[in-house]
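The values are calculated or read from the model by the stated rules, or taken from the named source; none is laboratory data. It should be emphasised that the depicted structure is a prediction, and the values quoted were computed from it without experimental measurement. We place every Cβ from the backbone using ideal geometry, glycine too, and count neighbours over all the protein chains shown. Calculation scope for accessible area: heavy atoms of the full protein, side chains included, ligands and nucleic acids excluded. Shrake-Rupley method; radii C 1.70, N 1.55, O 1.52, S 1.80 Å.
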Amino acid sequence: MTHYDSGADFEREVKADLEARGYYAVRAAGSHGKVDVLAYHMGIALFIQCKKGGVFPKEERLSLVHVAKEHNAVPVLAQRIRGDSIWYHRLLSDGVRESFEPPRL
């Protein structure tokens, strides 16, 4: 399995997890952009960057924060820290992460 395939599989897992929570989710396949998964429900938009290994340089975090702010969305990092769990972190204006659990709707 290539690095791209592994990352794409993780993006699909994040999309499925959010759909199970009641969000409409779309994977931006092959975009290599700032947003890997877009999720929306009842006025809440999430712009999500998926990092299976968790490495997310500050410049990239700030870029995601900026584009999310432009579109009134919540910037979120999804990562796999240990085991099979998906961990979500909302990114603050300075790019700092805080734990975030997308609500089940």
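Between residue 12 and residue 99, what length in nm is gained on full extension when 0.36 nm per residue of separation is reduced by their alpha carbon distance? Intermediate values should be presented prior to the final figure.
Working: separation 87, 0.36 × 87 = 31.32 nm, distance 2.10 nm.
Between residue 12 and residue 99, full extension yields an extra 29.2 nm.
Could you size up the charge dipole of the chain around its Cα centre, putting +1 on the beta carbon of Lys and Arg and -1 on that of Asp and Glu, and report it in debye to the nearest 20? Intermediate values should be presented prior to the final figure.
Numbers: 15 positive and 14 negative charges, 27 e Å.
Once rounded to the nearest 20, the dipole reads 120 debye.
Could you run the Debye sum over the Cα atoms of the chain, one equal point scatterer each and no solvent, and tell me log10 of I(q)/I(0) at q = 0.12 Å⁻¹, two decimals?
One equal scatterer on each Cα of the chain leads to -0.34.
At a Cα cut-off below 17 Å, give the lysines reachable from residue 52, other chains included and same-chain residues fewer than 8 away excluded.
Partners found: 15, 34.
Rounded to the nearest 500 deg cm²/dmol, what is the calculated helix-only ellipticity per residue at 222 nm for the chain, with -39500 (n - 2.57) per DSSP H run of length n ≥ 4? Please list the in-between numbers first.
Numbers: 2 runs with 31 residues, N = 105.
-9500 deg cm²/dmol, from helical runs alone.
Straight distance only, please: which aspartates and glutamates reach the Cα of residue 69 with their own Cα at less than 15 Å, same-chain residues fewer than 8 apart left out?
Within the straight-line limit of under 15 Å, residue 69 reaches these aspartates and glutamates: 60, 94.
In nm, to one decimal, how far is the modelled label at residue 26 from the one at residue 71, with both set 7 Å along Cα→Cβ?
0.8
Computing the accessible area with a 1.4 Å probe over protein heavy atoms, can you report the carbon and sulfur percentage for the chain?
Answer for the chain: carbon and sulfur cover 54 percent of the accessible area.
Compute the relative contact order of the chain as a whole-number percentage, counting only Cα pairs closer than 8 Å that sit 6 or more residues apart in sequence. Present the calculation step by step, with values, prior to reporting the outcome.
On the way: 181 pairs, mean separation 22.3, N = 105.
Reported relative contact order: 21 percent.
Can you tell me the accessible area per residue over the chain, all protein chains present, probe 1.4 angstrom, in square angstrom?
Details: 6160 Å² over 105 residues.
Roughly 59 Å² per residue, with all protein chains present.
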